[in-house]
Amino acid sequence: MFPLVHHVGAVNACSIPCYAWRTALIGVRHTPEHMQFSKIKANLKYDLSAGIVVFLIAVPLCLGIALASGAPLFSGMISGIIGGIVVGTLSKSHTSVSGPAAGLAAVVLVAIQTLGSYEAFLLAVVLAGLFQIALGFARAGSIADYFPSSVIKGMLTAIGIIIILKQIPHALGYDHTAEGAESFVENDGSNTFSSIWTALTEFIHPGAILVALMAIGIMLVWDKPFIKKRLSSVPGALVAVITAVLLNQLLKSFGDPWAIRQEHLVSIPIAQSMGEFIGLFTMPDFTQWANPAIYTTAFTLCVVASIETLLSIEAVDRIDPQMRISDTNRELKAQGIGNLISGLVGGLPITSVIVRSSANIDANSRSKMSAIFHGILILVCVALIPTILNLIPLAALAAILILTGYKLAKPKMFKTMYTNGKYQWWPFIITVVAVVFTDLLTGVGIGLAASVVSILVGNMKNAYKFKKEKYHDGDIIHIHLSQEVSFLNKAGIKHTLNKLPKNSKVLIDARGTAYIDFDILEIIREFNEVKAPLKNIQVNLRGFKEAYNLGDHDFVAFEPSDDNENAKEFDKKTVVH
């Protein structure tokens, strides 16, 4: 490395290549700050494009989640703004996008009713933010390391399926269900499938279908190399939305019955003045600080929001093309600060959201600037041009989300998980089904339980090496215990020993074992002293420690030889059933 100096006289022309002369002359040093700025500048065109796509998706989701939560519509926009700008700035995640979460809608709805006012609920949001900050300093983000990959992939796939199923009615012109809903059972008692059936049989709108199909077609064509190469900085989703708005305005001008009416368009609250706009923000009711229900609600919000955030961060890191790893403890602190501010100004609770984050990645985002830019766009557009946003058909936004859902739930994922083996397949498919037919947290909980069962079953079968096979008199049966044998292996080992044939010879080898649970030792002792003599089975216990007190554990009643054709050595890790 050549020294870079400010004075030309100190430069040795023989030792510095041409490109270094310019640096030496103007005195530029490539500091870390300069390098960081250059990287942001290089990624800016990708991040701006991705930010626009996420913005288009976020606006109806923010409104829909606020509606489903029983909160003021503008509260969803506030949390979208803060989730983008504040959390996006503080977070170390490069791809995560934060905002109001559908998984919290039911909790928020019940909490507002329980506390009696939205202002009292906001105080609980402020406290939940403080609790989250404390969790971040307590390094509780490490919980994310314990989520099995099969469950995370199942959750992502299920969310993709849910997005598609929930957006089909909107694409058909049936907007009965609020945007952003994720639960299978809806607030009015209907469910995901009944809403689709109702849309198909009673509420099909030709104009909405035309807009949705046109938007999907534009985005599919926009992904083709010949378009992408020339217009990579222009997102296909933006082109689709602009085309949908122009088409609908054209149909309206002709008085065409296919024109989409106002109830099927985006509906952002419009302030007539700056004072009215500021009045859309709400302060918490601090007089409720002594109400115990406030703290119960805050704790609930903190736990649910933190779990959803950690699940989302873990999932998004897995689909990040650059395979970057987020700091989960830093994320909890960022989310906590975001919720603290959101509660102070009238916003809903914030989490990292998979739908927006996956759309961000699909839109070729390179850094967290896309999340920040989407928050700025929400703020500017809500404040200055809400009337224009209210021209966007929900069917066009449904088309964007349907393609996002498909990318999360590609059939290839099912094939990959199946080929990974049953211990990956069953937790995956159980998680998918559970999330689709319940809700995110319940489904993931069921998936985690299935994963634990899978681990236990696998652990029981991998505690020793033994092959299910018919043995003949005089054969030596080898049972090799693994490095650790816990009580979880009790049933499998007991069943195997009980199935050993009469008049056989058994070598139980513990030479490679570091730990054997007391229950396992009791089973082996009972078999050696009671059950084996009854079946005329000769037992050789090899490598058991003196402390196990199994008697003459190194006594060799028979000496198996590796060359003995009757000896049975096995590699397959299964048990006799």
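No lab work stands behind these numbers, since they all come straight from the coordinates. Only a predicted model underlies this, so the values are computations on that prediction, with no experimental measurement involved. All Cβ positions, even for glycine, are placed from backbone atoms using ideal geometry, and neighbour counts span all protein chains on display.
Ordering of 264-270, 414-420, 175-181, 224-230 by packing is 175-181, 264-270, 414-420, 224-230, highest average first (other Cβ atoms within 10 Å, averaged per residue). Dipole orientation for the chain: of the candidates Gly447, Tyr406, Ala111, Tyr406 has the Cα lying most toward the positive pole (charges on Cβ; Lys, Arg +1; Asp, Glu -1). Full extension of the chain between Ser117 and Thr287 gives 60.0 nm of extra length, using 0.36 nm per residue less the Cα-Cα distance.
Positive contributions from Lys and Arg (+1) and negative ones from Asp and Glu (-1), summed over other residues with Cβ under 15 Å from the Cβ of Glu182, come out at -2. Each residue of segment 230-235 was assigned a 3J(HN,Hα) from its phi angle through the Karplus expression (A = 6.51, B = -1.76, C = 1.60, θ = phi - 60°), giving 8, 10, 5, 7, 9, x Hz with x at Gly and Pro.
Ordered by the count of other Cβ atoms within 10 Å of each Cβ, fewest first, Ser451, Ser357, Ser253, Ser367 give Ser253, Ser367, Ser451, Ser357. Assign one of three labels to segment 187-263, namely rounded, prolate or oblate, based on the Cα gyration tensor with a ≥ b ≥ c the square roots of its eigenvalues; rounded applies when a/c is under 1.5, prolate when it is not and a/b is larger than b/c, and oblate otherwise. Oblate, because a/c is 1.5 or more while a/b does not exceed b/c.
What is segment 275-356's relative contact order, in percent, from Cα pairs under 8 angstrom and six or more apart in sequence?
Details: 54 pairs, mean separation 36.2, N = 82.
Over segment 275-356, the number comes to 44 percent.
Run the dipole for segment 141-284 about the Cα centre, Lys and Arg Cβ at +1, Asp and Glu Cβ at -1, nothing else charged, and hand back the magnitude in debye, nearest 20. Write out the running numbers ahead of the final one.
Details: 8 positive and 11 negative charges, 160 e Å.
Dipole of segment 141-284, to the nearest 20 debye: 760 debye.
Could you tell me the distance between the Cα centroids of segment 179-216 and segment 56-125, to the nearest Å? Rounded to whole Å, the Cα centres lie 23 Å apart. Each label point was placed 7 Å from the Cα along the Cα-to-Cβ direction; for Asn549 and Lys229 their separation is 8.0 nm.
Indicate the helices, whole DSSP H runs only, in the chain that combine a mean Kyte-Doolittle hydropathy of 0.0 or more with a Cα extent along their long axis of 27 angstrom or more. Provide the component values of the computation, followed by the final result.
Numbers: long enough: 32-68 (46 Å, 0.99); 118-137 (29 Å, 1.92); 149-172 (35 Å, 1.39); 292-319 (41 Å, 1.15); 440-461 (31 Å, 1.60).
Sorted by number, the helices that extend far enough and score high enough are 32-68, 118-137, 149-172, 292-319, 440-461.
Under 5 Å between amide hydrogens, built in the peptide plane, is the criterion, and for Val506 it picks out Ile477, Gln538, Val539, Asn540 among residues at least 5 positions away or on other chains. Note on the chain: antiparallel DSSP beta bridges, both residues inside, total approximately 30 percent of the bridges counted.
Would you work out the charge dipole size for the chain about its Cα centre, treating the Cβ of every Lys and Arg as +1 and the Cβ of every Asp and Glu as -1, and quote it to the nearest 20 debye? Mind showing how you got there, number by number?
Numbers: 46 positive and 42 negative charges, 329 e Å.
So the magnitude is around 1580 debye.
Put in order of Cβ neighbour count within 10 Å, fewest first, the listed residues Phe527, Phe55, Phe518 become Phe518, Phe527, Phe55. In the structure displayed, which of Lys333/Lys410; Lys422/Lys494; Lys224/Lys415; Lys153/Lys333; Lys41/Lys229 lie more than 29 Å apart, Cα to Cα? From the list (Lys333/Lys410; Lys422/Lys494; Lys224/Lys415; Lys153/Lys333; Lys41/Lys229), the Cα-Cα distance tops 29 Å for Lys333/Lys410.
To make sure I understand, if each residue's beta carbon is the centre and we count other beta carbons within 10 Å, what order do Cys302, Cys62, Cys381 fall in, fewest to most? Please report the intermediate quantities before stating the final value.
On the way: Cys302 26, Cys62 30, Cys381 16.
Ordered from fewest to most neighbouring Cβ atoms within 10 Å, Cys302, Cys62, Cys381 come out as Cys381, Cys302, Cys62.
Could you rank the peptides 94-103, 427-436, 132-141 by their average count of other C-beta atoms within 10 Å per residue, with the highest value first? Walk me through the intermediate numbers first.
Working: 94-103: 29.9, 427-436: 24.3, 132-141: 17.6.
The peptides rank, most packed first, as 94-103, 427-436, 132-141.
Projecting label points 7 angstrom from Cα along Cα→Cβ for Cys381 and Lys45 puts them 2.3 nm apart.
Name the residue farthest towards the positive end of the dipole of the chain from the options Val54, Gln249, Ile227, assuming +1 on Cβ of Lys and Arg, -1 on Cβ of Asp and Glu, about the Cα centre. Going by the charge dipole, the pick is Ile227.
The structure-derived value of volume of the Cα convex hull per residue in Å³ appears in the list (i) 276; (ii) 319; (iii) 250 under the label (i).
Once every DSSP H run of n ≥ 4 in the chain is given -39500 (n - 2.57) and the sum is divided by its residues, what mean residue ellipticity at 222 nm do you get, rounded to the nearest 500 deg cm²/dmol? Could you put the intermediate results ahead of the total?
Numbers: 22 runs with 321 residues, N = 577.
Calculated mean residue ellipticity at 222 nm is -18000 deg cm²/dmol.
Once the dipole of the chain is set up with Lys and Arg at +1 and Asp and Glu at -1 on Cβ about the Cα centre, which of Ile313, Val185, Pro292 lies farthest towards its positive end? After comparing all options, I get Ile313.
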